[in-house]
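Below is one structure, written out as C-alpha cells; the observations come after it.
The values are calculated or read from the model by the stated rules, or taken from the named source; none is laboratory data. These numbers were taken from a predicted model, which means no experiment stands behind them. Cβ atoms come from the backbone with ideal geometry, glycine included; neighbour counts cover every protein chain shown.
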Amino acid sequence: MKIGLLGHGVVGGGVTAVIDAGASESVRNLEVTNILVKDQSEVTDGRMSTNADDVLNADIDVVAECMGGLEPAHSFVKRALEAGHSAVTSNKKMLANYFEELMETAEKNHAVLLYEATAGGGIPWMANLRQIRRIDRILSFRGIFNGTTNYILYHMDLEDRDFDEMLKEAQDLGYAERDPSDDIDGFDVRYKVQISCASAFDQIVSPDDIPAFGIRFISAKDIAWAKSRGRTAKLIGRAAMNEKGLQAYVMPVFLNNSDYLSRIPSNLNGIESVSVTLGPAGFIGQGAGSLPTAHAVVQDLISISEGIEEHRHFEKSAVANGEVNGVYYIRTACPEAFTDITDEVICEGTLITRKTGLNAVLEKIAQCGDEKLFIAEVAE
Ligand SMILES: NC(=O)c1ccc[n+]([C@@H]2O[C@H](COP(=O)([O-])OP(=O)(O)OC[C@H]3O[C@@H](n4cnc5c(N)ncnc54)[C@H](OP(=O)(O)O)[C@@H]3O)[C@@H](O)[C@H]2O)c1
C-alpha cells in the first residue's frame with residue numbers, strides 16, 4: 001500500500017522510520033512513497049517535495065496527515081478523501097473541529113478515516129473501543145490524556161516543587177511547547193475527549209461545549225492539601241452516556257490514592273473505559289513521542305491495508321452536565337461568590353464545596369470572573 005505522508009516532523013519522521021525499518025510482514029506491506037515537507041532545506045530524500053500536489057496527486061493509496069494545525073491539514077485530508085483515498089491523521093485539533101464533515105466525506109467517497117494517534121498517543125485506545133463495542137455498550141470513560149501535565153503534576157507531588165518550575169523543566173525536556181496553553185489549560189484533553197465521545201458513543205459535540213479547566217493556576221499548596229488528605233492531583237478528561245444524555249468535562253481531580261489512575265507516573269497516559277459486560281478496562285502507556293505515536297499511525301495504516309470497514313452513523317449531540325455532581329476544591333480571589341455552597345474553608349480564599357451540581361459551580365465561576373481561579377474535583 002502506497003502512502004503519501006503529509007508532514008515530516010516528530011510524528012511523520014517516526015512513521016517513515018517505522019515503515020522503512022519494515023520490522024514485520026504487515027509493515028512490509030506498507031511503503032511511504034511521497035512526503036510533503038514545508039521548506040526546501042528539509043528535502044533530504046527523493047520522496048520529499050514542498051508541493052502538496054506532488055503528494056496528493058501522486059499514485060498513492062492512502063494519505064497520512066502528521067502536519068498539525070487546522071489548515072492546510074483539514075483541506076488536504078478532505079481533498080484526499082474526496083479523491084477516494086483513505087486517510088489517517090494524528091492531528092486531534094483538526095479532527096475535533098472537522099470530525100463530522102470529514103467522516104461524511106469519507107463515507108460518501110467509500111473511504112476510511114482513522115485517527116488512533118489523536119487520543120492516548122501510542123496507546124491502542126481507539127482500537128480497543130472498537131473491539132469492546134463489537135460486543136458491548138460503552139457507559140463511560142475517564143483518564144489522563146495529556147502526558148505533559150501528568151509529568152508536571154507527578155513531579156510537583158513527588159518533589160514538592162511548584163508549577164512554574166515544573167513547566168519550565170517540561171519545556172526544557174521537550175514535553176511542553178513554548179506556548180503551553182493547549183496542554184496546561186485543558187484544551188488538548190478537551191479535543192481528545194471530544195474525539196473519544198465519537199468513538200465510544202457515536203456522539204459528535206462541539207469541542208467548545210465541553211467545559212475544560214487546566215492546571216495553569218495549581219500551586220504547591222494545593223498539592224500539599226491533596227497529599228494531606230491521601231490524594232493525588234491528576235488532570236482528568238471524562239465522559240458518560242446514559243438516558244440523561246452525554247456528560248463530558250475536563251478538570252483536575254484530587255484522586256484517592258487507592259485509585260490506580262493516581263499512580264500513573266511521569267509523562268504516561270492512563271485511560272479507562274467502562275462497558276456493560278466487560279466493566280472497567282484500563283490502558284496505560286506513552287501518550288506522545290515520535291515512535292509511540294508513529295506506532296499508532298502505522299497501526300491505522302495496517303488496518304486500512306487489511307481492509308477495515310469503519311462506517312458508523314454519528315449523532316450530533318449537546319453536552320448535558322445537569323446530572324454531574326461533585327465536591328470541589330476552589331482557590332479564588334472571590335470566595336464570597338461560593339459562600340452558599342461552601343462546606344469547609346481551608347484558608348483565606350481556599351474552600352471545599354459541599355456536593356454541588358457542576359453546572360451551578362460553573363455559573364458561579366463565570367459570575368465571579370476570577371481569571372486565576374483554580375478548581376479541582378475532590379473524588380468521592
Ligand atoms: N509529537 C507527539 O508526540 C504527538 C503525539 C500525538 C499527536 N500528535 C499530533 O501530531 C501532529 C504532528 O505533531 P508533531 O509533533 O509531529 O509536529 P511537528 O514536529 O511540528 O511536525 C509537523 C511537521 O509538519 C510540517 N508542516 C506544517 N505545516 C506544513 C505545510 N503546510 N506543508 C508542509 N509541511 C508542513 C512542519 O514543518 P515546520 O516545522 O517547518 O513548520 C513539521 O515538520 C500534531 O497535530 C500533533 O498534535 C503529536
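Residue check: is G230 under 14 Å from the mean Cα position of the chain (by Cα) and in contact (Cβ under 8 Å) with a residue 24 or more places away in the chain?
On the way: under 14 Å from the mean Cα position of the chain (by Cα): no; in contact (Cβ under 8 Å) with a residue 24 or more places away in the chain: yes.
Judged against the criteria, G230 is not a match.
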Qualifying residue in the range 65-81 (condition: in the same structural domain as K108 (by TED's automatic domain parsing), closer than 22 Å to V298 by Cβ, crowded, with 19+ Cβ neighbours inside 10 Å and over 28 Å from the mean Cα position of the chain (by Cα)): no
Residue list for the range 37-48, filter: under 17 Å from E65 (Cα atoms) and hydrophobic (A, V, I, L, M, F, W, C): V37, M48
Sole exception among (1) among the charged types (D, E, K, R); (2) out of contact with any Ser or Thr (no Cβ under 7 Å at 6 or more places or on another chain); (3) outside any helix (DSSP H, G or I) for D136, by number: (2)
Which numbered condition A117 fails, given (1) within 13 Å of the ligand (Cβ to nearest atom); (2) surrounded by fewer than 24 Cβ atoms within 10 Å (Cβ to Cβ); (3) part of a helix (DSSP H, G or I): (2)
Considering residues of the range 273-300 that are away from the ligand (no atom under 16 Å from the Cβ) and surrounded by fewer than 19 Cβ atoms within 10 Å (Cβ to Cβ) only, the residue farthest from F374 (Cα to Cα): T277
In the range 213-249, the residues that are in a strand (DSSP E or B) and more than 22 Å from T350 (Cβ to Cβ): G237, R238, A239, A240, M241, N242, G245, L246, Q247, A248
Pairs where the first residue, in the range 7-36, is more than 27 Å from E71 (Cβ to Cβ) and without any contact (Cβ under 8 Å) to a residue 40 or more places away in the chain and the second is in a strand (DSSP E or B) and basic (K, R), C-beta under 6 Å, 6+ apart: E31/K2
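For the structure I just gave you, tell me whether V297 is of a type in the set (A, V, I, L, M) and either assigned by TED's automatic domain parsing to the domain that holds D188 or over 24 Å from P207 (Cβ atoms) (or both).
No, not satisfied.
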Residue list for the range 228-270, filter: aromatic (F, W, Y) and either at pLDDT below 95 or under 20 Å from D182 (Cβ atoms) (or both): Y249
Residue pairs meeting the criteria (Cβ under 6 Å; at least 6 apart or on separate chains; first over 26 Å from V276 (Cα atoms), in the range 185-213; second of a type in the set (G, A, S) and outside any loop (DSSP other than H, G, I, E, B)): G186/A212; P207/A96
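For I218, indicate whether it is closer than 17 Å to G270 by Cα and β-branched (V, I, T). Write out each step before concluding.
On the way: closer than 17 Å to G270 by Cα: no; β-branched (V, I, T): yes.
Criteria not met by I218.
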Inter-residue pairs, beta-carbon under 7 Å, first assigned to a loop (DSSP other than H, G, I, E, B) and in the range 250-262, second crowded, with 21+ Cβ neighbours inside 10 Å and at pLDDT 95 or above, 6+ apart: N257/R231; N257/T232
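Of all the strands (runs of 3 or more DSSP E) wholly in the range 294-380, which have at least 3 residues that are free of Cβ contacts under 8 Å to residues at least 12 places away in the same chain?
Working: elements: 325-331, 342-347, 350-353, 374-378.
Ranges flagged: 342-347.
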